[in-house]
Structures are given as structure tokens and as C-alpha cells.
Amino acid sequence: MRIKVINPNTTRSMTERIAAGARAVAAPGTEIVAVSPAMGPVSIEGHYDEAVSALGVLDEVRRGERDGIDGYVIACFGDPGLRAAREVARGPVVGVAEAAMHAASFIATGFSIVTTLERTCDIARQLAESYGMARFCRGIRGTDLAVLDLEKPGSEARRIITEECRRALREDRSDAIVLGCAGMTDLAAAIAAALDAPVISGVEAAVKMAEGLVALGIGTSKRGAFAAPLAKRYVGLLEGFAPPGESGR
Ligand code: 2AL
């Protein structure tokens, strides 16, 4: 099967690290196609970045449908464009925040999210609420690290994140940690070993969930609001995003 892992930001070095994390857990016979969109922000650190990045995600899902992709992972902790992507895709689409929070709820009574800039905590809070995960979520902690700090050698990102995870377990009385950025994908194992607690990276969790759904032959339901977008004309800069169909292009 082919799973397309979309990094919604346009930083290729981060896409490569995400791809490595995804391939490390993929089953034999699962091909990971890792991409970042041709357009969009270099990092996603707020609602505006997120709204704009969703168009790049949708562009990649539309291409994926033409290429016969079996399932998708949206690899940014805001899960930008997730529900819109489900309207476009036949197979399952899994967001990393959604996958990580659900995985944490299976193995712990409560979890904390440790993320990048403080301002992104509002996105995580909204997602926890909309996914029904707020009752498991005991804390959401920013670290003052910008997303691209995670790419910089010498930023001390690993130490800063590990220390915040340690405080989260103690002060929030959490049993598990959810890492709040797809760029943290390579940190989970080392932090879990250092703190003796489950640390969940959404990229790996989402790949296994998408892979599992595809293996079960379960795709996105087209019976309700995830049905294909209605054909119509789009104008201006977004003309090319018009859903195909009779009254479309
Ligand atoms: C993210 C993420 O996962 N990728 C990105 O660019 N921004 N989210 C975050 N909270 O830092």
C-alpha cells in the first residue's frame, strides 16, 4: 500500500525527518510517499499559517487521488485541512494530533501535550476539545521554541523539550506525553527512555493508524459531510482549486 505523508510546511529538511520517522514504523510492503507542498509557510505557528497551509495540503491530496494513494497522514500538529482533505480522499486521512491524542488515551489516564511556541497551545486546546480528548488532556505546554529551532543544531531543543516533559508529568500529574509538533518526531524514544513514561509522536502513531485502516479496507465514508466537494466555479487566485464536475472547470 502507499501512504502519503504530507508535511504541511515547506521546510524540506523537516519533511525528510518526518519521512524517516514514518518509514521506521511502516510495515514491510507499505511505501511512504513523503512530501511538502510547493507553496506555503516554512513553519506553522498560528491560525493564519495553518489556514494558508491547508491549501497546500489539499493540493497534495488532490494529486494523491490522481496517483492512486491508499491513505494519507497530515503531519503538522494543527492537523490543517484534515476535514476538507477527507472530502477529497477516498482512503483514510489521519492527522498527527488526532492520532497522538487517541493513542495516548488508550494507554494512559491522562496526558500532557508539549509543543513549540506558547501561541500554538490554543490550536492544541481547540483540537483536544473537538476530538473529545479534553477529558484526557491534563496540560498543554509551550516551550518558547520556534518550529525551525528544531532543525538547528545547538538550539538545545532536545534538552528544553525533555525538561518540559519532565515538569508536565509531575505538575500536571499526567501518565504520558504527546509531542506537539511533527518536527519532534525523532525525539520520542530518547525522551521516553529518559523519563520512563510513554512519549507519543503523532507521525508514527498516524502512520500506523492510516496503515491499519487501509489494511482493513476502510476508507473515508462518502455518505455524509465527507462526500466529495460540490462541483462549482472558483474564481481568482484559487480557480485551480475548483472541485471537478459538470459545473466546475
Ligand atoms: C507545527 C508542526 O507540527 N509543524 C509545524 O510547522 N508547526 N505545530 C506546532 N505546534 O509547532
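The values are calculated or read from the model by the stated rules, or taken from the named source; none is laboratory data. Owing to the predicted nature of the structure, the values given are computational and were not obtained by experimental measurement. Every residue, glycine among them, receives a Cβ derived from its backbone with ideal geometry; neighbour counts consider all protein chains shown. Quick note on the areas: whole protein, heavy atoms, side chains included, nothing else; ligands and nucleic acids left out. Shrake-Rupley method; radii C 1.70, N 1.55, O 1.52, S 1.80 Å.
Numbers at a glance
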{"quantity": "Conditions (1) part of a strand (DSSP E or B); (2) under 28 Å from Arg159 (Cβ atoms); (3) in contact (Cβ under 8 Å) with a residue 60 or more places away in the chain; (4) of a type outside the set (D, E, K, R); number of the one not met by Ile32", "calculated": "(2)"}
{"quantity": "Odd one out for Arg119, checked against (1) open to solvent by 80 Å² or more (accessible area, probe 1.4 Å); (2) within 10 Å of the ligand (Cβ to nearest atom); (3) closer than 27 Å to Val33 by Cα", "calculated": "(3)"}
{"quantity": "Some residue of segment 41-57 being outside any strand (DSSP E or B), touching a Phe, Trp or Tyr at 6+ places or on another chain (Cβ under 8 Å) and surrounded by fewer than 24 Cβ atoms within 10 Å (Cβ to Cβ)", "calculated": "yes"}
{"quantity": "Unmet criterion (only one of (1) of a type in the set (D, E, K, R); (2) under 21 Å from Gly21 (Cβ atoms); (3) within 17 Å of the chain's Cα centre (by Cα); (4) more than 12 Å from the ligand (Cβ to nearest atom)) for Arg159", "calculated": "(3)"}
{"quantity": "Segment 1-15 - residue that is more than 14 Å from the ligand (Cβ to nearest atom) and surrounded by fewer than 22 Cβ atoms within 10 Å (Cβ to Cβ) and, of those, farthest from Val96 (Cα to Cα)", "calculated": "Met1"}
{"quantity": "Unique match (being surrounded by fewer than 19 Cβ atoms within 10 Å (Cβ to Cβ) and within 17 Å of Pro229 (Cβ to Cβ)) among Arg62, Arg23", "calculated": "Arg62"}
{"quantity": "Verdict on Leu82 being within 16 Å of the ligand (Cβ to nearest atom), open to solvent by less than 60 Å² (accessible area, probe 1.4 Å), in the same structural domain as Met209 (by TED's automatic domain parsing) and under 23 Å from Pro229 (Cβ atoms)", "calculated": "yes"}
{"quantity": "Tally, over segment 189-204, of residues that are surrounded by 24 or more Cβ atoms within 10 Å (Cβ to Cβ) and either without any contact (Cβ under 8 Å) to a residue 24 or more places away in the chain or within 13 Å of the ligand (Cβ to nearest atom) (or both)", "calculated": "3"}
{"quantity": "Residue that is exposed (fewer than 10 other Cβ atoms within 10 Å of the Cβ), part of a loop (DSSP other than H, G, I, E, B) and among the hydrophobic types (A, V, I, L, M, F, W, C), where the choices are Ala225, Ala231", "calculated": "Ala225"}
{"quantity": "Odd one out for Ala134, checked against (1) of a type in the set (Gly, Ala, Ser); (2) assigned by TED's automatic domain parsing to the domain that holds Ser43; (3) more than 15 Å from the chain's Cα centre (by Cα)", "calculated": "(2)"}
{"quantity": "Residue that is surrounded by fewer than 18 Cβ atoms within 10 Å (Cβ to Cβ), modelled with pLDDT of 95 or more and among the hydroxyl-bearing types (Ser, Thr, Tyr), where the choices are Ser112, Ser155, Ser130", "calculated": "Ser130"}
{"quantity": "Matching residues in segment 1-27 - criterion: being charged (D, E, K, R) and assigned to a helix (DSSP H, G or I)", "calculated": "Arg12, Glu16, Arg17, Arg23"}
